[in-house]
1. If we keep just the residues of region 6-53 that are more than 21 Å from Val106 (Cα to Cα) and more than 17 Å from the chain's Cα centre (by Cα), which is most open to solvent (accessible area, probe 1.4 Å)?
2. From Ala134, Ala95, grab the single residue that is exposed (fewer than 13 other Cβ atoms within 10 Å of the Cβ), in contact with a helix residue (DSSP H, G or I) (Cβ under 7 Å, 6 or more places away or on another chain) and over 24 Å from Asp20 (Cα atoms).
3. Look at Phe55 and say whether it is of a type in the set (Phe, Trp, Tyr), touching a strand residue (DSSP E or B) at 6+ places or on another chain (Cβ under 8 Å), at pLDDT 95 or above and on the phi < 0 side of the Ramachandran plot.
4. Looking only at region 63-98, how many residues end up being in contact (Cβ under 8 Å) with a residue 24 or more places away in the chain and not small (Gly, Ala, Ser)?
5. Condition test on Ser69, is it open to solvent by less than 40 Å² (accessible area, probe 1.4 Å) and among the polar types (S, T, N, Q)?
6. When region 13-28 is examined, which residues are found to be modelled with pLDDT of 95 or more and over 14 Å from Ser51 (Cβ atoms)?
Amino acid sequence: RDVAVKSVQDLREKQLILGDTGPGTGTRSYPKVLNDLLGFKFKLVGGFQSSADVFLAMERGEVDGICESLDSVMSRRPDWISSKKVTVLLQAGAAPHRDLKDVPNVLDLARNSDERQVLEFVYAGQEIGRPFVAPPDMPADRLKMLRDAFNATMKDTDSVADAKRNKFELEPEDGEHLAVLIKKIYATPKPIIEKVTELIK
């Protein structure tokens, strides 16, 4: 909370030092894309073994922040957001998180349709989450049975209580929703995919 960057506008004018956990991780890929696409000034410092190490470096004042999932922050440092020890600058996902209603969504920062497609492709995994998958040629009745069972489990009192007890946040999406999302991702034009490939190198 004591760093100079307090807003999205600040990210275009002031440097913010982020710890990252290496190539192929969101801690590096997401801020790198935002730098190159939207003109932000994240400075990435690699070499951290895990996000927990970056959190410790933040507390020591060695880095300013991290690009990390809300689940990870809440499980490792549950008081950070509620006590305003950290400032959440951006969020990603299809809809604003209930605890981050005033935090800008990165998808809304796109200045044209190409930038929006790039950001939607890059952040698609945030909406997919942790999917359950089955073979593509599964009979329709069996697929329906699995989807119905999953949906029922996500509403089951004991399962929900067990998730809360283990501090897991349940925000389930049904299979139909995810199937539409996957088709949309696969329909991304090749030039957009090539641009993303360059941005995350």
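1. So, considering only residues that are more than 21 Å from Val106 (Cα to Cα) and more than 17 Å from the chain's Cα centre (by Cα), the one most open to solvent (accessible area, probe 1.4 Å) is Gln49.
2. Ala134
3. no
4. In the first step, residues of region 63-98 are kept if they are in contact (Cβ under 8 Å) with a residue 24 or more places away in the chain; the result is 63-71, 74-76, 84-87, 89-90, 92-94, 97.
Restricting the remaining residues to those that are not small (Gly, Ala, Ser) gives 63-64, 66-68, 70-71, 74, 76, 84-87, 89-90, 97.
Number satisfying all stated conditions: 16.
5. No.
6. Residues satisfying the conditions are Glu13, Lys14, Gln15, Leu16, Ile17.
This table checks each residue for (1) modelled with pLDDT under 90; (2) touching a Cys at 6+ places or on another chain (Cβ under 6 Å); (3) small (Gly, Ala, Ser).
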site: Asp108; (1), (2), (3): no, no, no
site: Glu120; (1), (2), (3): no, no, no
site: Gln126; (1), (2), (3): yes, no, no
site: Lys144; (1), (2), (3): no, no, no
site: Glu169; (1), (2), (3): yes, no, no
site: Pro172; (1), (2), (3): no, no, no
site: Gly175; (1), (2), (3): no, no, yes
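The values are calculated or read from the model by the stated rules, or taken from the named source; none is laboratory data. Please read these numbers as outputs of a predicted model, since none were measured by experiment. Neighbour counts are summed over all protein chains in view; Cβ atoms, including those assigned to glycine, are modelled from backbone coordinates with ideal geometry. The protein model used for the area step is the full one, side chains on, heavy atoms only, and it has no ligands, DNA or RNA in it. Shrake-Rupley method; radii C 1.70, N 1.55, O 1.52, S 1.80 Å.
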